[in-house]
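Below you'll find the structure, written out as structure tokens, and then a few comments.
The values are calculated or read from the model by the stated rules, or taken from the named source; none is laboratory data. Keep in mind that this is a model prediction, so the values were computed, not measured. Here Cβ is always computed from backbone atoms with ideal geometry, including for glycine, and neighbour counts include all displayed protein chains.
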Amino acid sequence: MYQFNYAKPATVAEAATLYANAEDPVFLSGGQTLIPTLRQRLAAPTDVIDLSGIGELSGIAVGDGKVTVGAFTRHCAVAESAEVQAAIPALADLAGRIGDAQVRNCGTIGGSVANSDPAADYPAAVVALGATVRTDKRSISGDDFFRDLFETALEPGEIITSIEFPIPDRAAYRKFPNPASRYAVVGVMVADFGGNVRVGVTGAGPCAFRARTIEDMLNANLSTSALDGVEVPDAGFNNDLHASAEYRAHLVKVMARRAVSDLLGA
Amino acid sequence: MSEGTGIGASVKRREDVRFLTGSGTYTDDLNQPGQTYGVFLRSPHARARIGAIDASEALALDGVLAVYTGQDSAADGLGDLPCGWLVKSKDGSDMVSAPRPPLAVTQVNYVGEPYGLVVGETLAAAQQGAELVMTDFTELNPVVDPASAADSETIHEGLDSNVVYDWGLGDEEATDAALAGAAHVTQLDLSNNRLIPNAIEPRAAIGVYEAASGDYTLYATTQNPHLERLVLAAFVQVAPEHKLRVVAPDVGGGFGSKIFIYPEETIVLWAAGKLGRPIKWTAHRYESFLADAHGRDHITHAQLGLDRDGRFVALKVSTTANIGAYLSTFGSSVPTFLYGTLLAGQYKTPNIYVETLGVYTNTCPVDAYRGAGRPEATFVVERMVETAARELGRDPAELRRLNMIQPEDFPYETPVALVYDTGDYEASLDKALELADYGGFEARRRESAAAGKRRGVGFACYIEACGIAPSQLAISLGAGVGLYESGEIRINPTGSVSVFTGAHSHGQGHETTFAQVVSDKLGIPFDDIEIVHGDSGRMEFGLGTYGSRSLAVGGSALIVAADKIIAKGKKIAAHMMETTDDNVDFEDGTFSSGNQQATIQEVAFASYVPADYPEDLEPGLSEKAFYDPKNFTYPAGTHIAEVEVDEETGEVDLVSFVAVDDFGEIINPMIVDGQVHGGLAQGAGQALMEHGRYDDYGQLQTGSYMDYCMPRADDLPDFVVDTTVTACTHNPLGVKGCGEAGAIGSPAAIINAISDALDGHNIAMPATSEQVWRALGGK
């Protein structure tokens, strides 16, 4: 780890000011990516601005047909929230299967979404549920939020304050975990909003995306057999030590079909 | 199971109190006055010439004390790191050793190879300094693939090729003839995946030099402190043996990876002398991945010939073993004497021939890792047998039974140089078949099929050889050291006991089991016995712990020492009882003659306060022994795995695992169960997940837990473990050793089960879900 200045602001406004006035700052949320990066001396920020002291960023609220999760809310809090479990059980289920217990006790939803790790779980929900990402400056549609590998619509210094998930009639998340890291090799969330089906995929490509072909087939016929003939092209998919692009494309089909089966069974 | 604390009792491990409460003392927990910190400069290239090293910026940094390079250590006359086992090729020529200086001088040969040391007042200063050292490398073409290494550019300057040796064992002519006449020949291409050890405690070392006395002390994570001292003194010549003390405090796991004499520990000690201040180095986990000796990495073609009845007539095995960039301490012996000699397995195969081509590549050196040669041998034999059974439509259990060496055949001399002393292989097989409910398998297979899963069952009837011995034989085969063990028992004046062993515990539980043995033998309460190990300054000599040898060899040394204690105690007691020592009996801690009695504690006191004492006897009650076994021990057993394969994703679920092992007599059943569980987990890791992979440029692709997949508790079923017992015939405890069996039998059993689920497909390790999906026809 290199030396850096450390600050722990109490408000979002204070955090934004600290960021604006620093040379090469970085926000620290749950630290599940940043801390290992710092420890391995792969990053050398001048300033680390710790968001953990900002009370307004934490918490879960359910109402008006949506679940609002504060950006600093830890994965374990979402997984264990009775309100989330009642409103969007698939979201609580997803949160409960991120990483391992230590990761879930530290990691935050804002940190996960802002990082746009291609294998993170939450982005599948942001996309599938058509969430709205609220920041200190604006609101960003879930469909527009993830841009590329570790790249989002956020401007430098912009702070996610909360994420609003519209409550679907039903939804399900299926994940094929990487046996080493337990990140998603492929994760698929299928959500049904009154007959309008949305499908979010993580792990397969450079960032989370909506699987429009699968959505179209399911909107025509919401059943597992609807996906029997689906072709998922692997162009642009991740191809690495853990899974070829071809295998990931296959897993998108299988996980989507299983998510539909769960959704219909629920 | 017997009650209490003697032999056969499941005494809770006394060392666990400190381990589980965080109060153990590991090398990194120790600090010395005036201590500094070392960070190694490591090669970023798989193969490159080292040009100018500019350390001026680093040395200018506040807190950086010194930068040492290979030029410095070479100029100081520091010797190369030796390989401890000379293997000869078929033509009688010696293996080809590439010189391995502790710090690379002219050329680096694998990513992570150390070529310099930066020392700082703080770890941060040393890290910063290391980043400021500028080194000119000229990259050379690396050789990474062992399959083509023999025919590739020679990686070491001055050598003729990358071949280390072309070794053979057995009668090739007779084997070929028997194969030619066989009714059926099964052939397979097999690979044994490279593994990275991953002990929970990374390696660490603190070098200390005291100028006034000229004494050196090395605190290090080693499985064999005396061997470390011997090599550093005799070969590397850091310090003379009488001026060097090596201490291995609590050590958090080794699995073989902490046997070896590595560059880092050597250099930290040498540099402490140069600097005149203690230097501490603790490996980062990424350094463990890059630079702890790796394991396995074989490519094999094998042929098994059977007659019309299904009896094995010949086995021929041809293996290419990846040695890595240099010969590590025992790297030469693992794919030869610890591998080829085990290819008879549990069977009466009359003709066996094995040849091993050892090759250098630009990868981390490969050496012993839990099982060391025996998992590789078991994998070959048991994959061949299982495949032959499938090809012939025979039940795999019954084909094995037909070929097994029978109890009346012992001692049994194999065609590959070993003499098995005892065993009852069918007993283990029968017990395992029962525990696994083999008869119910077809019903379970149908149930799985109904749920869309393919189910498979697989066997491994393994044999291993533990406690390499006797020393004369091992040395005649090329070993550079003896393979005896020492033990010393000191009965203190108050009757408590200090036991010193040359074996080393780094997770095995010796502090408990050795105390059980001594308590049982001398009738002294368990709580009055202390086991001391891991310090060349406290015990005379020792060869450490590896190859499941500690109890069979080190425990036997304690029995011999205890016999000497009893013999002397009888003389003292005879004097007290006014009789002769042949009239004195010893039982349960009491000497007796007629109706006279004296406890061993009373006798011990009399020996230290010799008021009324035999004239011709030395005072004191302390004895030591060196025990050199007459033969190896041969644990054996049957492992049965069942798997379910998800047809859509290729995922393999290890649904059950039964292990029935014959370890001879058992001192502590709970510790034995724990050893088996750990070994099975490692074997499951090898079969399903673990794979040390390099890319074509020699960069390690699996250098962290994000990419190197270790098994976790939720990847494993509840293991069913049990034992059968045939006592070892040649050591006083009748014990065989249990440390490695789990890792030896399980990879073959699991892969055989997956192959069964895949209609006989020759699936490679690790059987990842994508591989299995492809085997199922996924494209």
Margin query: If I filter segment A:25-45 for residues that are modelled with pLDDT of 95 or more, more than 14 Å from chain B (Cβ to nearest Cβ), over 18 Å from A:Tyr183 (Cβ atoms) and out of contact with any helix residue (DSSP H, G or I) (no Cβ under 9 Å at 6 or more places or on another chain), do I get at least one hit?
Written below: no
Checklist line | Condition check for B:Leu680: more than 9 Å from chain A (Cβ to nearest Cβ) and outside any helix (DSSP H, G or I) | finding: no
Check: If you scan segment B:696-714, which residues turn out to be at the interface with chain A (Cβ under 7 Å from one of its Cβ atoms), within 26 Å of B:Ala149 (Cβ to Cβ) and more than 23 Å from the chain's Cα centre (by Cα)?
Finding: B:Gln701, B:Asp707
Note to self: Can you tell me which residue is surrounded by the most Cβ atoms within 10 Å (Cβ to Cβ) among those in segment B:446-483 that are touching an Asp or Glu at 6+ places or on another chain (Cβ under 9 Å) and charged (D, E, K, R)?
What the structure shows: B:Glu464
Notebook entry, point to check: Which ones in segment B:694-706 are crowded, with 18+ Cβ neighbours inside 10 Å, in contact with a helix residue (DSSP H, G or I) (Cβ under 9 Å, 6 or more places away or on another chain) and not β-branched (Val, Ile, Thr)?
Noted result: B:Leu700, B:Gly703
Checklist line | Answer from B:Thr135, B:Thr175 - the residue that is modelled with pLDDT of 95 or more, assigned to a strand (DSSP E or B) and buried (at least 16 other Cβ atoms within 10 Å of the Cβ) | finding: B:Thr135
Check: Mind checking which residues of segment A:213-232 are exposed (fewer than 15 other Cβ atoms within 10 Å of the Cβ) and within 14 Å of chain B (Cβ to nearest Cβ)?
Finding: A:Asp228, A:Glu231
Margin query: Yes or no: segment B:607-622 includes at least one residue that is acidic (Asp, Glu), in a helix (DSSP H, G or I) and surrounded by fewer than 20 Cβ atoms within 10 Å (Cβ to Cβ).
Written below: no
Next item on the list: Answer yes or no: is there a residue in segment B:116-125 that is closer than 19 Å to B:Asp292 by Cβ, in the same structural domain as B:Ile261 (by TED's automatic domain parsing) and in contact with a Pro (Cβ under 9 Å, 6 or more places away or on another chain).
Entry: no
Next item on the list: May I ask you to say which residue of A:Arg248, A:Arg258 is in contact with a Phe, Trp or Tyr (Cβ under 8 Å, 6 or more places away or on another chain), within 14 Å of chain B (Cβ to nearest Cβ) and part of a helix (DSSP H, G or I)?
Entry: A:Arg248
Checklist line | In segment B:720-779, residue nearest to the other protein chains (Cβ to nearest Cβ) [restricted to those that are in contact (Cβ under 8 Å) with a residue 24 or more places away in the chain and on the phi > 0 side of the Ramachandran plot] | finding: B:Gly760
Note to self: Need the failing condition index for B:Ser332 against (1) part of a helix (DSSP H, G or I); (2) touching a Cys at 6+ places or on another chain (Cβ under 6 Å), just the number.
What the structure shows: (1)
Check: Restricting to segment B:607-652, what's the tally of residues that are of a type in the set (D, E, K, R), away from every other protein chain (no Cβ under 14 Å) and closer than 25 Å to B:Ala684 by Cα?
Finding: 2
Next item on the list: Quick one: in segment B:314-329, of everything that is surrounded by 21 or more Cβ atoms within 10 Å (Cβ to Cβ) and within 30 Å of B:Ala183 (Cα to Cα), which residue is farthest from the other protein chains (Cβ to nearest Cβ)?
Entry: B:Ala314
Checklist line | Criterion violated by B:Thr726 - all others in (1) in contact with a helix residue (DSSP H, G or I) (Cβ under 7 Å, 6 or more places away or on another chain); (2) closer than 24 Å to B:Asp673 by Cα satisfied | finding: (1)
Checklist line | Criterion (outside any strand (DSSP E or B), buried (at least 18 other Cβ atoms within 10 Å of the Cβ) and at positive phi) met by exactly one of A:Gly99, A:Gly30, A:Gly110 | finding: A:Gly99
Checklist line | Among the residues listed as B:Asp653, B:Asp616, the single one being at pLDDT below 95 and over 30 Å from B:Gly467 (Cβ atoms) | finding: B:Asp616
Next item on the list: Go through segment A:61-94 and give me each residue that's in a strand (DSSP E or B) and aliphatic (A, V, I, L, M).
Entry: A:Ala61, A:Val62, A:Val67, A:Val69
Notebook entry, point to check: Within segment A:170-177, can one find any residue that is within 14 Å of another protein chain (Cβ to nearest Cβ), in contact (Cβ under 8 Å) with a residue 12 or more places away in the chain, assigned to a strand (DSSP E or B) and surrounded by fewer than 20 Cβ atoms within 10 Å (Cβ to Cβ)?
Noted result: yes
Next item on the list: Take the residues in segment A:1-16 that are farther than 30 Å from B:Ala124 by Cβ and part of a helix (DSSP H, G or I), then tell me which one is farthest from the other protein chains (Cβ to nearest Cβ).
Entry: A:Ala13
Note to self: Quick check on this structure: which one of A:Ala243, A:Ala208, A:Ala180, A:Ala204 is in contact (Cβ under 8 Å) with a residue 24 or more places away in the chain, in contact with a Lys or Arg (Cβ under 7 Å, 6 or more places away or on another chain) and within 28 Å of B:Met710 (Cα to Cα)?
What the structure shows: A:Ala204
